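Take a look at the structure set out below.
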Amino acid sequence: MLRLRATTPPKMPLRRRSTSGYHGVRARPSGRFYAEIRSGDERIRLGTFDTAHEAALAYDVVAWRLGRSRRTMNFHDVWTREQAEQLAPPSPVITREQQRHQRELEQRLLIAERDERLLEML
């Protein structure tokens, strides 16, 4: 008689929570908190925040925009994307275009200051 032995399915490795206690948020050595989220193979860097709570709110806003399940979010009492955006701090992410524009403004300021000094000499 052939006996079948019941086998237990292989267990999935437990997903560790980060040391901050929030999804997508890691503590930096400086004491600040870094947030990022993955979308497929792409990693979206959300920036560095003063508190883990602020970083987690920023994570949730992007998670809402990406259409993620509420189970993967940090705050389960937030019911809409608009509500998440109202709670989140302004994003520290600066685009390349914004960096270029800022450099142009700084150059113009330097030129204006130089012109003023030259006019004062006359």
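The values are calculated or read from the model by the stated rules, or taken from the named source; none is laboratory data. All values reported here derive from a predicted model rather than from experimental measurement. Note that we place each Cβ from the backbone using ideal geometry, even for glycine, and neighbour counts take in every protein chain shown.
Couple of notes before you dig in:
- Helices (runs of 4 or more DSSP H) completely within segment 42-122 that count 3 or more residues being of a type outside the set (Val, Ile, Thr) and over 19 Å from TYR22 (Cβ atoms): 96-121
Quick grid of which residues meet (1) of a type in the set (Asp, Glu); (2) at pLDDT 75 or above:
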site: TRP64; (1), (2): no, yes
site: SER69; (1), (2): no, yes
site: GLU82; (1), (2): yes, yes
site: PRO92; (1), (2): no, no
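- Selection from segment 38-89 of residues that are farther than 23 Å from ALA27 by Cβ and touching a strand residue (DSSP E or B) at 6+ places or on another chain (Cβ under 6 Å): LEU66
- The condition (being hydrophobic (A, V, I, L, M, F, W, C) and free of Cβ contacts under 8 Å to residues at least 24 places away in the same chain) is satisfied by just one residue among LEU66, LEU46, LEU122: LEU122.
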